[in-house]
Amino acid sequence: MAWTRDQMAARAARELREGDFVNLGIGIPTLVANHVPEGMTVTLQSENGMLGIGPFPFEGEEDADLINAGKQTISELPQSTYFDSAQSFAMIRGGKIDLTVLGAMEISQGGDIANWMIPGKMIKGMGGAMDLVAGVKRIVVVMEHCARDGSPKFLPACTLPLTGRNVVNIIITDLAVFDRPDHQSPFRLIEAAPGVTTDDVAARTTASFVY
Amino acid sequence: MTKVFPDAAAALKGLLRDDMLIAAGGFGLCGVPERLIDAVEVSGASGLTIASNNAGLDGQGLGKLLCSRQIRKMIASYVGDNKEFERQYLVGELEVEFSPQGTLAERMRSGGAGIPGFYTKTGVGTLVAEGKPTMLFDGEEYILERGIVADLALVKGWKADTAGNMVFRKTARNFNVPAAQCGRICVAEVEEIVAPGTLGADAVHLPGIYVHRLICGAPYDKPIEFRTTRKQDAT
């Protein structure tokens with residue numbers, strides 16, 4: 001039935017192209033790194049100032065000075081480079097990053113994304129997400145189709161404060177994949193998890209989409 | 001005139017006052033000027049506005065100045081790791097200005113570079129854009145963000161020579177460069193102070209013109225927030 005977190009990450013990895021510079025968000029998006037197709041060269045950017053993220057270090061080789069944007073210890077590759085935060089976001093804002101994979105609390109049918117605060121309840125901040133959705137060429141969202149209480153997260157309009165307006169290109173949930181060719185077109189249901197029907201998806205979605 | 005001071009308290013002498021704006025380097029617990037933050041705590045300076053990407057953890061880094069109630073306002077992009085921050089903010093004891101991470105870095109860089117404002121696409125159509133002038137460039141909307149000039153910058157480097165030229169190690173560089181640039185005065189702590197010529201003029205990450213006072217803060221125990229590893233037999 002529904003895809004697992006790892007299967008969602010694997011589906012997101014199918015959006016990668018040879019030579020891409022990619023920024024992965026925290027959570028399920030981080031798992032995408034485990035699914036880069038064999039033989040494909042993809043360079044991962046970490047917005048705290050690194051191009052060329054390597055795998056997690058071997059036990060005993062963790063370095064407090066070498067972390068990703070999720071504050072996890074990582075390792076470097078022969079081609080890795082380091083730079084400061086202003087330089088890092090010059091790359092992001094300047095359109096040099098090809099693709100980003102982000103989590104979301106809500107997505108609207110018009111491609112708006114909300115993932116940084118719940119007024120009066122949760123106050124985390126946007127981190128680099130607003131810069132990423134404003135500057136990266138292609139925005140892939142990976143999220144559960146419904147919230148824990150069962151309410152849809154793909155909506156006619158976001159109810160939470162936005163991270164970006166009309167920026168999302170692809171939505172990958174545990175039930176389905178929605179894509180749109182440009183920022184004026186509606187999202188199209190292009191895939192569903194095994195055994196999940198279009199009616200199942202429609203029943204759990206309040207956003208309008210085509211199929 | 002030497003830039004090198006014996007310790008953090010000596011280096012900050014005469015620089016701290018209530019209600020000042022301090023820019024601090026660091027990302028999470030990585031590259032945080034911990035010795036200097038400790039000295040700010042001991043000084044008792046209060047009503048501070050701090051511009052920093054994060055606010056530390058409870059009792060670590062800038063989290064110490066939150067617990068001691070010395071911070072009146074934070075300018076930050078992400079504070080999700082700090083319970084005391086959340087508590088003070090939700091009950092209205094702490095003022096917060098959320099600035100997107102790249103916007104915050106550029107506000108520091110540009111402020112230090114004599115650029116009082118810049119237009120960016122980041123935050124258009126969000127709460128961040130509220131009250132800010134907008135402009136269309138080539139048919140796209142941008143918002144005006146202000147550069148930050150801090151009364152004092154606190155940064156952490158790896159090595160510096162006695163002229164203040166600094167190098168950073170791996171991802172500990174982060175906000176330390178733009179924070180240093182935006183300070184009217186910048187005080188830096190490093191793990192090692194070396195003789196001029198040792199770092200290599202081509203290899204310097206932050207020229208000494210940005211660094212006014214310097215201490216060696218070693219030894220550091222360098223905390224790790226999330227220790228993630230793989231097994232030796234994994235590929």
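The values are calculated or read from the model by the stated rules, or taken from the named source; none is laboratory data. What you see is a predicted model, and the numbers here were worked out from it, not measured in a lab. Cβ placement follows ideal geometry from the backbone for every residue including glycine, while neighbour counts extend to all protein chains displayed. Protein only, heavy atoms only, side chains kept; ligands, DNA and RNA dropped before computing areas. Shrake-Rupley method; radii C 1.70, N 1.55, O 1.52, S 1.80 Å.
The range B:151-165 and the range A:135-151 have Cα centres separated by 41 Å.
For the chain pair B and A, the interface hides roughly 4500 square angstrom of accessible area in total, found with a 1.4 Å probe.
In whole percents, the pair-distance distribution calculated for chain A from its alpha-carbon pairs, binned every 10 Å from zero, is 8, 34, 36, 17, 4, 0.
Backbone amide hydrogens, once placed in the peptide plane, bring A:Asp63 within less than 5 Å of A:Ile74, excluding anything fewer than 5 places away on its chain. The residues of the range A:81-117 listed by number as losing at least 20 Å² of accessible area in the complex, against the isolated chain and with a 1.4 Å probe, are A:Tyr82, A:Phe83, A:Asp84, A:Ser85, A:Ala86, A:Phe89, A:Arg93, A:Trp116. Accessible surface comparison of A:Trp3, A:Trp116, B:Trp158, probe 1.4 Å, protein chains only, largest first: the order is B:Trp158, A:Trp3, A:Trp116. In the full protein assembly as shown, how much of A:Phe209 is accessible to a 1.4 Å probe, in Å² to the nearest 10? So the heavy atoms of A:Phe209 present about 30 Å² to solvent.
Largest accessible area first, the listed residues A:Cys146, B:Cys186 line up as A:Cys146, B:Cys186 when surface is computed with a 1.4 Å probe on the assembled protein chains. 3J(HN,Hα) along the range A:33-41: 4, 6, 10, 5, x, 3, x, 8, 9 Hz, from the Karplus curve 6.51 cos²θ - 1.76 cosθ + 1.60 with θ = phi - 60°, whole Hz, x for Gly and Pro. Between 0 and 90 degrees, rounded to the nearest ten: what's the tilt of helix B:101-112 against the longest Cα principal axis of chain B? For helix B:101-112, the angle is close to 70 degrees.
Taking only DSSP H segments of four or more residues, each worth -39500 (n - 2.57), what value at 222 nm results for chain B once the sum is divided by all its residues, to the nearest 500 deg cm²/dmol?
Rounded to the nearest 500, the figure is -5500 deg cm²/dmol.
Under the Kirkwood approximation for Rh and a Cα-based Rg, what ratio Rg/Rh is obtained for chain B? It would help to have the intermediate numbers written out before the result.
Values: Rg = 18.3 Å, Rh = 18.4 Å.
Radius of gyration over Kirkwood radius for chain B works out to 0.99.
Only helices enter this figure: runs of n ≥ 4 DSSP H residues, each worth -39500 (n - 2.57), summed and divided by the residues of chain A, yield -4000 deg cm²/dmol at 222 nm to the nearest 500. Once the Cα atoms are used to define both axes, helix B:34-43 deviates from the longest principal axis of chain B by about 80 degrees.
Mean sequence separation of contacting Cα pairs (under 8 Å, at least six apart), scaled by the length of chain B, corresponds to a relative contact order of 23 percent. Within the protein assembly as shown, all pairs of alpha-carbon atoms sorted by distance into 20 Å bins from zero give the percentages 26, 55, 18, 1.
Across chain A, C-alpha contacts under 8 Å between residues 6 or more apart give a mean separation that, scaled by the residue count, equals a relative contact order of 20 percent.
Past the 16 angstrom mark, what percentage of all C-alpha to C-alpha distances in the range B:1-46 do you count? Can you show the working numbers first?
Numbers: 444 of 1035 pairs.
Here the tail beyond 16 Å accounts for 43 percent of pairs.
For B:Lys132, a cut-off of 20 angstrom between C-alpha atoms picks up these aspartates and glutamates, skipping any fewer than 8 places away in its own chain: A:Asp131, B:Glu95, B:Glu97, B:Glu106, B:Glu140, B:Glu141, B:Glu145.
Of the residues B:Glu189, B:Glu130, B:Glu97, ranked by 1.4 Å probe accessible area with the largest first, the sequence reads B:Glu130, B:Glu97, B:Glu189. Measuring from label point to label point, each 7 Å out along Cα→Cβ, what is the A:Asp6 to A:Arg148 span in nm? According to this spin-label approximation, the distance is 2.4 nm. The figure for A:Asp179 is an accessible area of roughly 40 square angstrom, using a 1.4 Å probe on the protein chains alone. Counting only heavy atoms of the protein chains and using a 1.4 Å probe, B:Ser68 has close to 50 Å² of accessible surface.
Work through the residues other than B:Asp81 whose Cβ is under 9 Å from its Cβ and net out their charges, Lys, Arg +1 and Asp, Glu -1.
Numbers: positive: A:Lys71, A:Lys124, B:Lys83; negative: B:Asp58, B:Glu225.
Residues close to B:Asp81 contribute a combined charge of +1.
Within the accessible area of the range B:8-216, what % is carbon and sulfur when the probe is 1.4 Å and the other protein chains stay in place?
On the way: 3890 of 7740 Å².
That share works out to 50 percent.
Taking a quarter of the surface of the Cα convex hull of the range A:11-74 gives a mean projected area of 4.5 nm².
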